[in-house]
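Please read the structure below before turning to the comments.
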Amino acid sequence: MSTVISKLRHFSEQRQISHHHITRAASGLIFAAYFYKFGSPLVGQVVRKVQSKAVSLQERITGLDSFADEPDEQQQQSVDANHSGNRRTRGDRSLSTSSHKHRKNRDPREDYTQFGIRDGSFTDFFVDFVVKTLRQFQSITGIDVTFAIQLIKLIRIMVPGVRTLEVLLLILHTMALISRTFLSIFVANLEGQVVKYIVRRDVVNFTSMLSQWLLIAVPATFINSSIRFLENQLALAFRTRLVRYGYELYFRNQTYYSVSNLDGRLENPDHCLTDDLISFSQHCAHLYSSVTKPLLDLFLTTYTLLKMSKKMGSYGGSGQLIAAIAIMSTHGILRLVSPKFGSLVSEEARRKGFLRSVHARVITNAEEIAFYGGHQIELKIVQKAYKRLAQQMNVIYNQRWWYIMFEQFLMKYVWSAIGMINIALPVMTSSSCIKMDSSTNSRGDNNDDISERTQYMTTAKNILIAGGDAAERLMSSYKELIELTGYTKRVAKMFTVFEEVSQGKYKKVVTESIRRRGALNDHLKYGKDGSIETRGEIVEVDDHIELFEVPIITPNCDIIVPSLSLKITKQMHLLITGPNGCGKSSLFRMLAGLWPIFGGKLERPKTKDMFYIPQRPYMSLGTLRDQIIYPDSVEDMKRNGITDDDLIKILDLVELDYLVKSHEGLNRRSDWKDTLSGGEKQRIGTGRLYYHRPKFALLDECTSAVSIDVESKMYQTIKDYGISLVTITHRPSLWKFHTHLLQFDGVGGWRLEPLDTNARLSLREEKLKLEEQLEGVPKMQERLLKLCSILGEDSIRLINHKNGNSDEEHSTDSSTPKSEEATDASDSHSHASNESNFSDCFDH
């Protein structure tokens, strides 16, 4: 120890440093080492406790402590996906080894750039050239350019041409930003002159400068207000272009149905079309002003300061160089430590969309939930969805807290110190900076020199403040740019999915459990993405509907019927029956073009020649006239030569003529979904059929809430109009209106045959009688046993019945292999019977 002290003393004498300075430094180092060794665990423990308290306080603020801790595994899948973005398939399907392999085989760089406007103009050629160049740059450097390509294509949508309103708004906005920059420099110089004349006590010039200050305030306030106004108008114009493009895709080729039912990539299209487009357009408009004006401000402030330094007789370029190095260093440091705000904001937007969809689901199914009394379950689901959103928001707030603290330290205090250096260098190194010596300077000259330096410092201070604000906004714009990447990704994904779905390209994960549900026939194959390939062919014809070896497969890839072949002509009226889930409504969805054809060939008329009426007809917003002619408009109605009198006759045919007896008539407006009863809605649906008069009517339990007499009248009117019926119903009263029967057995089989109404009704009556008789057998047996016990006698019928049952069980147990052969023979006979009935039907 003495050797160390002697060496330190020798070092201090050699370097001419006081002994107490060396001693203090050594003591400080020793204390710091001991504190790090023994105090750091205690500090870490305190920090962890404070962090835990802060988290619990955040949960109290957001109310998360009153919610359930964690949802179970099944509900977790339906409430939210994990942070990494790997979304599981919902429902009772589990992710198995096959789906894991599917995720591995799937291209991880699905960039969602296959969208955009294509009009063959020069702009298209230029955009394609830029995109191709960026792709080549990515292949050479390995830098991901997906965001740049997505943003370029979105800008192409927002600004479709040079001679557009958006370009005019951009020009006006740019002019306002430039004017605001020059006004800032002018006001800074003006303020410096005001301070100079205050120091000189020059009342006349002070009054003149103050008058100019008040006069310049009028255009300055106008420009400031115009900048915000033009930014909002620009954001609205961008949003209008995006919404117009998105709506066009959303309502093209029934994409609004397919994107939610046939494709699994978008969870909440409504949220993407509303909130995401709003946020993206606002970020784009604000980012333009946040980048353009700060760059111009930095250039002009640097030039002005250099000019002022030379005027002071000093070469103050070193101050600007130090400022530039500080700005670039700050940018590099902040970029290095910046959290991934883009992915965080994107995840927050997704969770907001899911919370909104949960609320919408409760509103849509409010009556069913109320009947079941399921409010507690729905409350838990909503709370869990909100909890996940609040947790994500807390993650973002926590990341922003330390990042903004570090950002403010660099931008506010470090930059302020550099600004002081920037102001001080010209003053301290200028040739006019002389010593206050009364022998060489008079008092008047000294006052002039002080006022000039005061003017310089005031002007330079204001210009530096403006330049610092510009640099800070430029740094903050990087954070906004990161957030913009999240919104850009979501909007680009939405447009890409809309484009592909409108072209019939669907993507949905198929798990191993789904593959085991049914064997595929020879015409079906799984694609590389795990979904069944769509290989079916659809041909438009005029007067018939024909399916040739078409499988009925749901969007979840459940194979209901492996192969279906039938033909419906104009002279046929087909009745479809079968148990629930056998494929009746699924067949209608395929005929209407809602579901894809995975195999075989489908010949069907044009969409306008087929009209579908569901069990619960949709009631649109509008007048009573709009309900009858839906989906036509009033202009379409007039173009077809149909008048209001014709609509009143239609209402009379469905016995709804009382709806037009009010003074408003067909112009009556109401919330028809709640105003009309279930039977009235079904009659409105039938009235739409009378209005459109298609060749084929697809009726799915469309009169289940209508009385039998009115129902028979409506069906007879449909046949009188020459419309072919394709009906799903369980009412025997409608059998007489049909000529053929298509019956599904619920296990993939089907039978098509001519419908003999009288024979089928007699068989049904016999069935009901047998059911009624069999219902009384247990009661009769119970009474017989009671009488036997009272009389003390046995019943020969019961003894024979028991012996017969035991013999039958013994026979069944001993002949299992034989029964399997019989089953195979029965299946073969059933298939032959199907083919025979099908050929008989065609011959008929």
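The values are calculated or read from the model by the stated rules, or taken from the named source; none is laboratory data. On a predicted model such as this, the values are computed, not experimentally measured, just so you know. Cβ: placed from backbone, ideal geometry, glycine included. Neighbour counts: every protein chain shown. In case anyone asks, the SASA skips ligands and DNA or RNA and just uses the protein heavy atoms, side chains included. Shrake-Rupley method; radii C 1.70, N 1.55, O 1.52, S 1.80 Å.
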For the stretch 490-543, which positions are among the basic types (Lys, Arg), modelled with pLDDT of 75 or more and surrounded by fewer than 21 Cβ atoms within 10 Å (Cβ to Cβ)? LYS505, LYS507, ARG535
If you scan the stretch 381-398, which residues turn out to be among the β-branched types (Val, Ile, Thr) and more than 13 Å from GLU347 (Cα to Cα)? ILE381, VAL382
Tell me which residues, restricted to the stretch 706-762, are open to solvent by 60 Å² or more (accessible area, probe 1.4 Å), in contact with a Phe, Trp or Tyr (Cβ under 9 Å, 6 or more places away or on another chain) and not in a helix (DSSP H, G or I). TYR721, ARG751
Would you please name the residue that is farthest from VAL726 (Cα to Cα), looking only at residues in the stretch 667-712 that are among the hydrophobic types (A, V, I, L, M, F, W, C) and touching a strand residue (DSSP E or B) at 6+ places or on another chain (Cβ under 6 Å)? LEU689
What about SER565, is it under 16 Å from GLN682 (Cα atoms) and open to solvent by less than 30 Å² (accessible area, probe 1.4 Å)? no
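Considering each of VAL204, VAL195, VAL218 in turn, give the residue that is closer than 24 Å to LEU305 by Cβ and hydrophobic (A, V, I, L, M, F, W, C).
Of VAL204, VAL195, VAL218, the one residue that is closer than 24 Å to LEU305 by Cβ and hydrophobic (A, V, I, L, M, F, W, C) is VAL195.
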Candidates LEU151, LEU190, LEU183, filtered to the one that is assigned to a helix (DSSP H, G or I), closer than 26 Å to PRO294 by Cβ and under 34 Å from the mean Cα position of the chain (by Cα): LEU151
Among (1) outside any helix (DSSP H, G or I); (2) modelled with pLDDT of 80 or more; (3) crowded, with 17+ Cβ neighbours inside 10 Å, where does SER314 come up short? (2)
Selected residue (only one of LEU676, LEU656 is open to solvent by less than 60 Å² (accessible area, probe 1.4 Å) and touching an Asp or Glu at 6+ places or on another chain (Cβ under 7 Å)): LEU656
Within the stretch 136-189, residues being over 20 Å from ASP124 (Cα atoms) and β-branched (Val, Ile, Thr) number 9
What are the residues in the stretch 681-694 that are closer than 13 Å to GLN627 by Cα and open to solvent by 30 Å² or more (accessible area, probe 1.4 Å), if any? LYS681, ARG683, HIS692
ARG589 closer than 30 Å to THR717 by Cβ, basic (Lys, Arg) and out of contact with any strand residue (DSSP E or B) (no Cβ under 8 Å at 6 or more places or on another chain): yes
Could you check, for the stretch 273-290, whether at least one of its residues is at pLDDT 75 or above, part of a helix (DSSP H, G or I) and more than 30 Å from LEU355 (Cβ to Cβ)? yes
Can you tell me which residue in the stretch 545-561 is farthest from GLN571 (Cα to Cα), limited to those that are open to solvent by 30 Å² or more (accessible area, probe 1.4 Å) and in a loop (DSSP other than H, G, I, E, B)? ASN556
If we keep just the residues of the stretch 695-704 that are open to solvent by 10 Å² or more (accessible area, probe 1.4 Å) and under 37 Å from the mean Cα position of the chain (by Cα), which is farthest from LEU574 (Cα to Cα)? SER704
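The rows are residues; the columns are (1) closer than 30 Å to GLU452 by Cα; (2) out of contact with any helix residue (DSSP H, G or I) (no Cβ under 7 Å at 6 or more places or on another chain); (3) open to solvent by 60 Å² or more (accessible area, probe 1.4 Å); (4) at pLDDT 85 or above.
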site: VAL159; (1), (2), (3), (4): no, no, no, yes
site: GLU166; (1), (2), (3), (4): no, no, no, yes
site: LEU169; (1), (2), (3), (4): no, no, no, yes
site: ILE178; (1), (2), (3), (4): yes, no, yes, yes
site: ASP202; (1), (2), (3), (4): yes, yes, no, no
site: MET209; (1), (2), (3), (4): yes, no, no, no
site: TRP213; (1), (2), (3), (4): yes, no, yes, no
site: ARG228; (1), (2), (3), (4): no, yes, yes, yes
Tell me, yes or no, whether the stretch 355-364 has at least one residue that is at pLDDT below 80 and at negative phi. no
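Is one or more of the residues making up the stretch 583-598 aliphatic (A, V, I, L, M), farther than 28 Å from ARG731 by Cβ, in contact (Cβ under 8 Å) with a residue 60 or more places away in the chain and buried (at least 18 other Cβ atoms within 10 Å of the Cβ)?
yes
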Only unsatisfied item for PRO339, checking (1) out of contact with any Ser or Thr (no Cβ under 6 Å at 6 or more places or on another chain); (2) assigned to a helix (DSSP H, G or I); (3) in contact (Cβ under 8 Å) with a residue 40 or more places away in the chain; (4) surrounded by 14 or more Cβ atoms within 10 Å (Cβ to Cβ), is (2)
Need pairs with beta-carbon distance below 8 Å; first residue outside any loop (DSSP other than H, G, I, E, B) and within the stretch 240-255, second open to solvent by 60 Å² or more (accessible area, probe 1.4 Å); sequence gap 6+ or separate chains. TYR250/TYR256
Go through the stretch 122-146 and report how many residues are in contact with a helix residue (DSSP H, G or I) (Cβ under 9 Å, 6 or more places away or on another chain), open to solvent by 60 Å² or more (accessible area, probe 1.4 Å) and among the hydrophobic types (A, V, I, L, M, F, W, C). 1
Quick check on this structure: which one of ILE629, ILE642 is buried (at least 19 other Cβ atoms within 10 Å of the Cβ) and among the hydrophobic types (A, V, I, L, M, F, W, C)? ILE629
